[in-house]
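All remarks here apply to the structure that follows.
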Amino acid sequence: MTANITFTIIKPDAVQSNFTGKIIDKILDAGFRIKAMKYLHLSEKQAAEFYEIHKNRPFYNDLIKYMSGGPIVAAVLEKENAVESYRNLIGATDPQKAEPGTIRNLFAKSIEANAVHGSDSNENAAIESSFFFSKLEMF
Ligand code: CMP
């Protein structure tokens with residue numbers, strides 16, 4: 001059975017550019033249901049913890065500064081085969097390589113400021129969702 005949730009962040013560059021509404025429209029038009037959503041501003045410590053998996057990558061310090069540099073929108077999304085379906089909707093990490101019409105192709109600025117995050121596995125979708133939301137907040 002395929003798990004049916006994924007986790008996303010609308011990142012600081014996209015929120016700052018007022019793309020939040022357009023990105024949520026794309027998500028809803030693609031058939032996702034929003035199970036939980038919040039607008040917040042991560043501290044450097046919180047961003048470092050969320051992206052700990054990348055702590056040995058050369059871009060880690062810049063990523064932490066960028067992700068804590070402005071408000072974001074975090075959300076849990078539901079749809080059949082949600083992880084793969086959402087990764088298809090957002091396109092490649094590098095917007096130069098993202099398919100036309102994908103969220104990153106339309107709204108991302110660079111490989112770092114790439115508009116949105118999407119979970120890469122069912123396991124990480126569950127871990128990332130619970131980083132931002134309690135069980136009570138996801139319905
Ligand atoms: P995300 O899908 O949120 O997962 C890790 C993030 O690190 C990624 O999106 C980008 O924001 C950033 N990232 C990944 N690769 C690079 C890179 N080569 N250079 C700079 N930032 C990167």
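For the set HIS41, HIS54, HIS117, the ranking by accessible area, highest first and with no ligand, DNA or RNA atoms included, is HIS41, HIS54, HIS117 under a 1.4 Å probe.
Quick check on region 44-139: what does the Kirkwood estimate of hydrodynamic radius come out to from the alpha carbon pairs, in Å?
Value: 14.4 Å, from the Cα pair sum.
Taking 0.36 nm per residue of separation and subtracting the current Cα-Cα distance, fully stretching the chain between ASN18 and MET138 would add 40.7 nm. Note on ILE27: accessible area approximately 0 square angstrom, rounded to 10, probe 1.4 Å, nucleic acids and ligands left out.
Note on the chain: lysine pairs with Cα distance below 15 Å, sequence gap of 8 or more or different chains, count 12. Shown in residue order for region 92-104 are the 3J(HN,Hα) couplings computed by the Karplus curve 6.51 cos²θ - 1.76 cosθ + 1.60 at θ = phi - 60°: 4, 3, 7, x, 5, 9, 6, 4, x, x, 6, 4, 5 Hz (x for Gly and Pro). On full extension, the segment bounded by PHE131 and ARG33 gains 33.3 nm, given 0.36 nm per residue less the C-alpha separation.
The values are calculated or read from the model by the stated rules, or taken from the named source; none is laboratory data. Keep in mind it's a predicted model, so treat the numbers as computed, not measured. For accessibility, only protein heavy atoms count, side chains too; no ligands or nucleic acids. Shrake-Rupley method; radii C 1.70, N 1.55, O 1.52, S 1.80 Å.
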